[in-house]
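The values are calculated or read from the model by the stated rules, or taken from the named source; none is laboratory data. What you see is a predicted model; the values in this text were computed from it and never measured. In this analysis, Cβ positions are derived from the backbone assuming ideal geometry, glycine residues included, and neighbour counts consider all displayed protein chains. Quick note on the areas: whole protein, heavy atoms, side chains included, nothing else; ligands and nucleic acids left out. Shrake-Rupley method; radii C 1.70, N 1.55, O 1.52, S 1.80 Å.
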Amino acid sequence: MGRAGFTWKLEDHPKLTKGKSLLWLFWGEATPDQYNCIHVAQTPTMDSLKNGAPEKWRLVKAHGKAVGLPTDDDMGNSVVGHNTLGAGRIYAQGAKLVDIALETGKICEGEGFKYIRESFETGTLHLIGLLSDGGVHSRLDQLQLLLKGTSANGAKRIRVHFLTDGRDVLDGSSVGFVQTLESDLAALREKGVDAYIASERMGCPGAWRSAIQFKSAVEAVKKLRENANDQFVPPFVVTNDDGKAVGPIVDGDAVVTFNFRADRMVMIAKALEYEGFGKFDRFRFPKIRYAGMLQYDGELKLPSHYLVSPPEIERTSGEYLVHNAVRTFACSETVKFGHVTFFWNGARPKMKSLEIAEKARDAILSGKFDQVRVNLPNSDMVGHTGDIEATVVSCKAADEAVKMILDAASRDKKGSLALDKSGNIQILTSHTLQPVPLAIGGPGLALGVGFRSDVPEGGLGNVAAAVMNLHGFVAPSDYEPTLIEVVDV
């Protein structure tokens, strides 16, 4: 690691022997009512963890500053949560890094900005992303600062291609967001900047031909919302009096995707950057200068240019455990697999919860792994739809999956640590500020192991040290304090 005296070797725990652990990432804790689908659903397995051994159950913070976000009013999400879980320390994450770069002006000084600025003299700057103040994928105030910074640093022609939200903010809020953006762009036009909204969901060149055409974005959103909520507003394009799109992406233009969260942006980043992309017809592939707000995939180096450098997370708990011969199995839905692999390391209600549980069961009983890490995201993802009945079904299915996994762990005599990480399903369609439960137990758990009482404000960053303890190791000294202790009995 380039530091004097560094070693991957972890110190043996003075009271815990090298054991095995089971982790699953699940749901959060909120006030029980008729809209709390976890409360409404039959979840006897999860209920037993809380009620059967309350001393082995506690809440941890999964939002705000506890996961490296700017304030405690910022909702947690899968990416920042898994980053914090795996890192064992609290790093400034996407939104906070972007805030700092925008507020200091450093965003306009980096190599990524210099790259796109080469198109400002003769081309158009296109900004693509989620128009929302939800703070989960993007924030409106960051877009406003980006518009101010780019126009002050040479951008003469700007077009915004936005996506409406409705998942992390109230349905119907899109109209207000578009009106605010229109006002901001009008102010730029008064200063001589050619700035307009171009489209919704339609940044790809040529695709506007199949979209609904309007003369203004406000008119479009109001009209299209008559038959759809914000999540499902159909694609539209803004055209001029001649019926031509006001902002097609053409050769020589610059494009920035302004979301700070990676998972949705990876999809469009590939379409913008990969010449051989073939998932859908792009009609043509213009020669553009593209940069992301951040680099969305460090393994793929995607995109190759970005405005804000990602957090430099090093010495993750996963790396330490691998170097200390702890064999790990990780499993989730395809769309969430990155959360238990990539992010951890640096609408069918049931979805695949049963299949995930079966894979985890088989991994446990195989005896090949020392740690089994599972994400059951079905209730989270179905919860985003706002369908209460479907979400209740998804919660019940997830609970049944947990029972299968726990039954296997009991047969294998493993100590287990259960982490319930997502707070989405209590407030349908939105992430929350709610804490999440953490439970430890199982036949392999050593006598005297319990939660410490002197870490009352513990969060996801404290979990890695506890996992290392359960594997028989002491966590590195700069990790967040462990949540567990061993008392003599």
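Summary of values
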quantity: Principal semi-axes in Å for the range 27-108 [√(5λ), Cα gyration tensor, largest first]; calculated: 34, 15, 9
quantity: Fully extended contour minus Cα-Cα distance, from ASP47 to ARG327, at 0.36 nm per residue; calculated: 97.8 nm
quantity: Protein-only accessible surface order, largest first, of GLU457, GLU275 at 1.4 Å; calculated: GLU275, GLU457
quantity: Packing rank of 58-66, 264-272, 277-285, 188-196, where each peptide gets the mean count of other beta carbons within 10 Å, highest leading; calculated: 58-66, 264-272, 188-196, 277-285
quantity: Förster-model FRET efficiency, 45 Å R0, GLU358 and THR180, C-beta, rounded to 0.05; calculated: 0.40
quantity: For the chain, the spread of Cα positions along each principal axis, largest first, Å; calculated: 80, 56, 40
quantity: Probe 1.4 Å, all protein chains present, accessible-area order of LYS20, LYS359, LYS403, largest first; calculated: LYS359, LYS403, LYS20
quantity: Cβ-based net charge around LYS65, under 11 Å, with every Lys or Arg adding one and every Asp or Glu removing one; calculated: -2
quantity: Burial order of peptide ranges 117-129, 247-259, 5-17 (average beta-carbon count within 10 Å, highest first); calculated: 247-259, 117-129, 5-17
quantity: Cα-Cα over 18 Å, subset of LYS191/LYS215; LYS106/LYS148; LYS65/LYS96; LYS15/LYS368; LYS148/LYS222; LYS50/LYS396; calculated: LYS191/LYS215; LYS15/LYS368; LYS148/LYS222
quantity: Packing rank of 88-94, 450-456, where each peptide gets the mean count of other beta carbons within 10 Å, highest leading; calculated: 88-94, 450-456
quantity: Linear extension gain, ALA271 paired with THR122, 0.36 nm per residue minus alpha-carbon span; calculated: 51.3 nm
quantity: Set of aspartates and glutamates near LYS350 by C-alpha distance (under 13 Å), chain-local residues within fewer than 8 positions excluded; calculated: GLU333, ASP380, GLU389, ASP399, GLU400
quantity: Heavy-atom SASA rank of ASP412, ASP72 (probe 1.4 Å, accessible area, largest first); calculated: ASP72, ASP412
quantity: Sites SER453 and GLU226 - FRET efficiency at Förster radius 45 Å, r taken between beta-carbons, to 0.05; calculated: 0.20
quantity: Residue-averaged 222 nm ellipticity for the chain, from DSSP H runs of 4+ at -39500 (n - 2.57), nearest 500; calculated: -9500 deg cm²/dmol
